[in-house]
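J.: Structure provided below as structure tokens; questions to follow.
Nothing in this text is a laboratory measurement; each read-out follows from the coordinates by a stated rule. Predicted model, so just to flag it, every value in this text is computed and none were measured. Note that each Cβ is placed from the backbone with ideal geometry, even for glycine, and that neighbours are counted across all protein chains shown.
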Amino acid sequence: MAEFLPPPECPVFEPSWEEFADPFGFIHKIRPIAERTGICKVRPPPDWQPPFACDVDKLHFTPRIQRLNELEAQTRVKLNFLDQIAKFWELQGCTLKIPHVERKILDLFQLNRLVAEEGGFDLVCKDRKWTKIATKMGFAPGKAVGSHIRAHYERILYPYNLFQSGASLLAPDICSKLMCLVDDAVLEKCFQKPDITSGTKDKEYKPHDIPQRQSVQPSETCPPARRAKRMRAEATNIKAEVEETTETKTHNLRRRMGSTPVKSDNDKESHGIVKREGVEKKQWIWEADREKSKGRSKKNFNAVDLYVCLLCGSGNDEDRLLLCDGCDDSYHTFCLIPPLHDVPKGDWRCPQCLAQECNKPQEAFGFEQAARDYTLRTFGEMADAFKSDYFNMPVHMVPTELVEKEFWRLVSTIEEDVTVEYGADIASKEFGSGFPVRGGKIKLRPEEEEYLDSGWNLNNMPVMEQSVLAHITADICGMKLPWLYVGMCFSSFCWHIEDHWSYSINYLHWGEPKTWYGAPGYAAEQLEDVMKKLAPELFESQPDLLHQLVTIMNPNTLMSHGVPIYRTNQCAGEFVITFPRAYHSGFNQGFNFAEAVNFCTVDWLPLGRQCVEHYRLLNRYCVFSHDEMICRMAAKAETLDVVVASTVEKDMAIMIEDEKTLREAVRKLGVTDSERMNLETLPDDERQCIKCKTTCYMSAVYCSCNPDLLVCLYHVEDLCTCPIYQYKMGYRYTVDELYPMMNALKLRAESYNEWASNVNEALEAKVNNKKS
């Protein structure tokens, strides 16, 4: 992999004391520059040093576990693929070892993709393209690497791809025909023992032990797979089996004889009581046998003769008959595609059980919680020990550039599994903010009391007059109340944008730097498109992946696809601000303590409404109701800042027009009954549209068949199966009541609008005078 090249630096601002005294004024001033890079850094005046207010020993938390190579999107796709291959072989009693070619580990994922792109194994062999594939994989030409790669593909990937194509589920007649084609070179190769553990230098692949990612665990001491002869009807008790009806027993026996090869999905599901002993099992075998023998011959069968290969229908070669540990069906080792040379060690699954197990949908990826609870002190000891051991030098001696290069190397390799822990999203409400607050436990010196009311104290910023979030009554953790973050070397935060496309501000109280990457808001969809293009497998199983904060992608990769990316190292005592819809990610250089919160300025309001529309299309929950916030601001128009009032009036005008149009459309659909409804009195999870998950405030439609279910006015036809004329619309305000609220905003804003108009006229006159 190419060495990581750091992206260009984002802007760094150093406000004067005068500028620093007005946080929102300063952010408004730097916005035209900073929003072009998505993130920026702010260094406070040197003397601004708030005391650290957390109790170091009383704060305790359980961190998240982060396996670095699982974070990176393209690496996780490879790991998911290797887990599938490992599971495929493991279910057949084999252990996957990844071979080395030319002293480097073979990228099985890339090999599989390249062969597929060239038309598959048979075509690549026919057209002799193995050397071409080896060259594409970065191997030097002329060293017969192509033949090595072909051999590894045949051993490890070809059987898997045959299985995926359904070749291993062939009907008996097709299977027997294929078995006769021994002169076919490809099949002959395929039928060799799948010795996937050969090679002294090959690295054993250990499937990642997250339960949802690897359901079948490897076993070093498992016994050989069961052969059919162990079912011989002897006087000993046999393994408990599921009791079946006579009809099912007969069907199963006939299926084993090859007369009913097609099996419905329900056949895999067993019903009854697990209690059968050997004698009872013998009895029903013989009863079914007598019924079956009427149509064949008078000859009496031994019970073992009934265990026949499901593919060829024969009971011969008893020592080569394998019993599936999933369903008890029998198969000859040589009838399987590819055939098994030896009876595998451990549990063995037949092709149908294999398909069922391997085709289970992948569960959503997420972080595990660590088993251990830490205090700040114990976490710091662990974090410092990890970094100094890893780099073999004192923690503060390690250059930031070295940590950055090593981080991006580690997230991109499948050969090294480095695991770190991150104390993320710790609620300040529970443990106290790092900034001093009124009524807090820390005793302040007189000169420190100024920090209680500072606008840059993250407990104050979201609820200041210029922040529109101040008008949301709920304490929204992380948005209105700060989160705390305790980092260690390599612990990371993945690509994401803030809820409702709001601003965020992060302050590093102390410790080693935090490295940030950001993309401007205008490039948000471009970044999403590149990630979906380069890791489509992840988004197929988890469409809202980027909302889950569990995926990173190398900035160099994004930049090579045209996404503008900027970086910065945030040091202790510095702020980083992210702008609306700006994707950002990063990692910690070592042990540190940060605090972050959201805020929304008036210029955000149009974006906030656009975001709610976007969430509706994605069926994503809102954190708060945008319309409710606007109406609350309008209700106290006379006390609003004049600039805020002017912007809110424009947003409210759009809201009223939308609501008028929607209510008229609902009436035309046939909803004529309505009543006033104070939706804000309901908990948010009880006033969400059942279709798009948006939080209803202005209006909602419901039906008497289940009044607890609501839909927004966009999704009336998705409510229930009752006739629409039975529906009722609940509304918070009539449209006529909304106009006076908007007029109050207009009156409050007029003084500002008139002043702004006069200023513009004066400026224009000045420009015209200069021209003349």
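J.: Please go through region 1-66 and write out the trypsin sites (Lys or Arg not before Pro) that DSSP classes as loop and that have at most 13 other C-beta atoms within 10 Å.
T.: For trypsin sites (Lys or Arg not before Pro) across region 1-66 that sit outside H, G, I, E and B with at most 13 neighbouring Cβ atoms in 10 Å, the list reads Lys58.
J.: Residue-wise, which Karplus ³J(HN,Hα) couplings in Hz belong to region 397-402, taking 6.51 cos²θ - 1.76 cosθ + 1.60, θ = phi - 60°, and x for glycine or proline?
T.: In residue order, the calculated couplings are 8, 7, x, 4, 5, 5 Hz.
J.: Could you list the chymotrypsin sites (Phe, Trp or Tyr not before Pro) in region 448-525 that lie in coil according to DSSP, counting only those with at most 12 other Cβ atoms within 10 Å of their Cβ? Can you show the working numbers first?
T.: On the way: sites: Tyr451, Trp456, Trp483, Tyr485, Phe490, Phe493, Trp495, Trp501, Tyr503, Tyr507, Trp510, Trp516, Tyr517, Tyr522; in loops: Trp456, Phe490.
In loop regions of region 448-525 (DSSP not H, G, I, E or B), there are no sparsely surrounded chymotrypsin sites (Phe, Trp or Tyr not before Pro).
J.: Taking Cα centroids, how far is region 552-609 from region 49-120 in Å?
T.: Taking the Cα centre of each part, region 552-609 and region 49-120 sit 25 Å apart.
J.: Which of the residue pairs Lys668/Lys746; Lys650/Lys728; Lys58/Lys443; Lys387/Lys429; Lys660/Lys693; Lys104/Lys405 have a Cα-Cα distance greater than 23 Å in the structure shown?
T.: Values: Lys668/Lys746 32 Å; Lys650/Lys728 30 Å; Lys58/Lys443 16 Å; Lys387/Lys429 31 Å; Lys660/Lys693 21 Å; Lys104/Lys405 20 Å.
Checking Cα-Cα distances, Lys668/Lys746; Lys650/Lys728; Lys387/Lys429 exceed 23 Å.
J.: Give, as a single signed number, the net charge of other residues whose beta carbon lies under 14 Å from the beta carbon of Asp673, with Lys and Arg counted +1 and Asp and Glu -1.
T.: Residues near Asp673 contribute +3 overall.
J.: Exposure proxy check: Lys443, Lys636 ranked by fewest other beta carbons within 10 Å?
T.: Fewest to most other Cβ atoms nearby, the residues stand as Lys443, Lys636.
J.: Calculate one ³J(HN,Hα) per residue across region 646-658 by plugging θ = phi - 60° into the Karplus curve 6.51 cos²θ - 1.76 cosθ + 1.60, and present them in order as whole Hz with x for glycine and proline.
T.: 5, 6, 5, 4, 5, 5, 5, 4, 5, 4, 5, 4, 4
J.: Sorting Val420, Val767 on the 10 Å Cβ count, fewest up front, what's the list? Can you show the working numbers first?
T.: Values: Val420 24, Val767 10.
Ascending Cβ contact count within 10 Å gives the list Val767, Val420.
J.: So for Glu465, Glu3, Glu628, fewest C-beta neighbours within 10 Å to most, what's the order?
T.: Least to most surrounded, the residues fall as Glu3, Glu465, Glu628.
J.: For region 1-131, what is the relative contact order in percent, using Cα pairs closer than 8 Å and at least 6 residues apart in sequence?
T.: 15 percent
J.: Once you keep just the Cα pairs under 8 angstrom separated by 6 or more residues, what percentage relative contact order results for region 552-660?
T.: 20 percent
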